[in-house]
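*Asks:* A single structure is presented below for examination.
Please treat every number below as a calculation from the coordinates, not as lab data. This structure is a prediction, so every number in the text was calculated from the model and none was measured. Note: ideal-geometry Cβ built from the backbone for every residue, glycine included; neighbour counts use all protein chains shown.
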Amino acid sequence: MTTTTNSAAGNSGLARAVPRLSVLATILESARQTLVMLRYRRILWVAPIGLLLLFALAFVLAGTARSRSDGAHLYSVFAWWGLATVVMPWATLFLGVQAVHGELEDRTSQYLFLRPVHRVPLFLGKWLAIAAVSSALACCSAAALYVAVASREDLWPDGREPWLLVSFCIVLGLGATAYSAVAVFLAATFRRPLAWAAFFVVGLQMLAANLPVSAGLRQLTITDPLRRMTLDLIEPSRRLARALWPAERNEALSIENGTGAFLLEFGSPLCSLLILVVVCLTLGCWQYARTEYESRNRD
Amino acid sequence: MSDTPPIVLEFDSVTKWYGSVAALLDVSFQVCTEVVGLVGKNGVGKSTLMKLAVGLLNPSQGAVRVCGSDATTREARARIGFCPDFDRLYEPLSGVKFVAWMLRYHGVAARAATMRAEEVLTELGLAEDMYRPIREYSKGMRQRVRLGQALAHRPQFVLLDEPMTGLDPVARAELADLIRGLPQRGVGVLVSSHVLHELEAVVDRVVLVHQGRLLADGKVEALRDQLPERPHRLRLKGARLRELASQLTNWPEVDGVSFLSDGLEVSLSGHGAFYERFSDLAGDWQGGIHELIPLDDDLAAVFGYLVE
């Protein structure tokens, strides 16, 4: 430690102007730093291996498919029941919880809280980073799955349907964005966010979302609007619609197909997702931005 | 124009409650461009005081101001540098990247932030290792990174919580020099440490907290003089100890003399007068006085007396 120079600290008068980082710049910087930190996490290194396994599994399953199963049916079932309801929610929630909760628990968040920026853009930056990474991972997974199934030429008698891949990328991207909002909210609010995330996925997404249309509870989930969007986009056969929404069986097609799931009007799936994202981010920001915010005060 | 140094930290009748438990009660003190030591046992409200000072807590009553701004505002945070005592950092990052990341939130451009981070870490003695991941750092190196992020944005008020932890003796001495030099650059410092003799060597005055209250605020010597019920004690070594003891017992400012294995322990009621008189005596004393050591006018003794 040399103390001969005069620059380790020092000021030029108390009236010195305070440099400001704009809200947008803070969000982007927080997102950038979150992405860099994610780069060091093992889960992202596991992702390519997971994609390879997914590809291999889909390839083998497609090879053993019964003759009456066509490629579109197989791909949609894999993408929906494998990616949209299991892999994407869990991966997103895990990444989101890690990004926010880890810093709070080991108190490194204090270094951020002492900076002259508001905490809300810090929080939003983390959400943005998780949403971007999760969406990218989900789209890569959907692509790997599609390539695996599409490689079986015999399953596509009427030609391959790349629109299916695009549809699922849209749905998975929106889902990842919504799940990442839930993840950062849980991480900012609870001391054991992964336990709450497990309850959220198993209790709400896997059980409640599969209730019949008449059950209002399903509208509080992410899975339900995602499924309605999927049905709207892929325009499935009656058989595929039943496979994607077993609880509704015969009604699935007639109720959901072509009902404008992407309209931005109250009650539409897109609007439901938006409301959920806004509510989660608002509550998360409110928690995160409290002055006396410490892990010991949570729960 | 007044020569009064600017106040960088001000506690104005601050009380902090956690539910029904009072962590701090009516605490008032100021820190100017000087080094102030924060002393107190564990659990007496020191951590609460530090969190209030850096705006991580709101006072229940009263006000905490940094350079005139409420401590929880962005204006205040821009002027605060905080070196916490916990050991966690962004482990995968290099020291320079960590400090640069923190600087970015002060509105410093990426390239300038990196250059400033390199500069401050070089000055803190981390020039050779600043590009290695923090997880490979020793305790002392990690402490330097924590110091670096506290100083890099050129704050006007620095709060150092146990800054000597993990440093080797050479680094401790260098850090002490650095801390002592900060007021000359217009920086006020509040430093907390349990190593009282090291703290005493760097501070201009101390703030002593006990059971949530401000027990004392001032220079160590002044605080010691405010304890008349505690006689000063000295250890004397020299020739002809019996004769010396018999002489000293006749002095009005000497309360008592007792024999140690290799010297005398003298209790004083008025140490100022004693030193004046004793300097005359020591000059003429046949065989010489070899050693005169005050036993209880250091920070540790004052702290002990005050909290008893």
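*Asks:* Order B:43-55, A:47-59, B:170-182 from most to least packed using the mean count of other Cβ atoms within 10 Å.
*Replies:* Put in order of decreasing packing, that is B:43-55, B:170-182, A:47-59.
*Asks:* I've got another one for you. Students often forget the sequence filter, so: which lysines lie under 17 Å Cα-Cα from B:Lys41 once same-chain residues fewer than 8 apart are removed?
*Replies:* Within reach: B:Lys51.
*Asks:* Still on this model: Once you put a point 7 Å from the Cα of B:Ala110 and another 7 Å from the Cα of B:Asp26, both along the Cβ direction, what distance in nm separates them?
*Replies:* Going by the 7 Å Cα→Cβ label model, 5.5 nm.
*Asks:* Moving on. Going by how many other Cβ atoms sit within 10 Å of their own, how do B:Arg79, A:Arg119 line up, fewest first?
*Replies:* A:Arg119, B:Arg79
*Asks:* Taking other Cβ within 10 Å of each residue's Cβ, how do A:Val277, A:Val60 sort, fewest first?
*Replies:* In order of increasing Cβ crowding within 10 Å: A:Val60, A:Val277.
*Asks:* Which shape class, rounded, prolate or oblate, goes with segment B:1-148 when its Cα gyration tensor gives a ≥ b ≥ c as root eigenvalues, a/c under 1.5 marks rounded, and past that a/b bigger than b/c marks prolate?
*Replies:* Here segment B:1-148 falls in the prolate category.
*Asks:* Let me ask you something else. Roughly how compact is the protein assembly as shown, stated as its Cα Rg over 2.2 N^0.38 Å to two decimals?
*Replies:* Relative to the rule-of-thumb radius for its length, the protein assembly as shown sits at 1.33.
*Asks:* Here's another thing I want to ask about it. At a Förster distance of 45 Å, what's the computed FRET efficiency of B:Ser269 paired with B:Gln184, Cβ-Cβ distance as r, to 0.05?
*Replies:* 0.70
*Asks:* Please compute the alpha carbon radius of gyration of chain B, then divide it by the globular-protein estimate 2.2 N^0.38 Å. Two decimals is fine.
*Replies:* 1.20
*Asks:* Here's another thing I want to ask about it. Hey, which aspartates and glutamates would be in cross-link range of B:Lys97, C-alpha to C-alpha under 15 Å, not counting anything within fewer than 8 residues on its own chain?
*Replies:* A:Glu29, B:Glu118, B:Glu119, B:Glu128, B:Asp129, B:Glu136
*Asks:* How would you rank A:Val46, B:Val207, going from fewest to most other Cβ atoms within 10 Å of each one's own Cβ?
*Replies:* A:Val46, B:Val207
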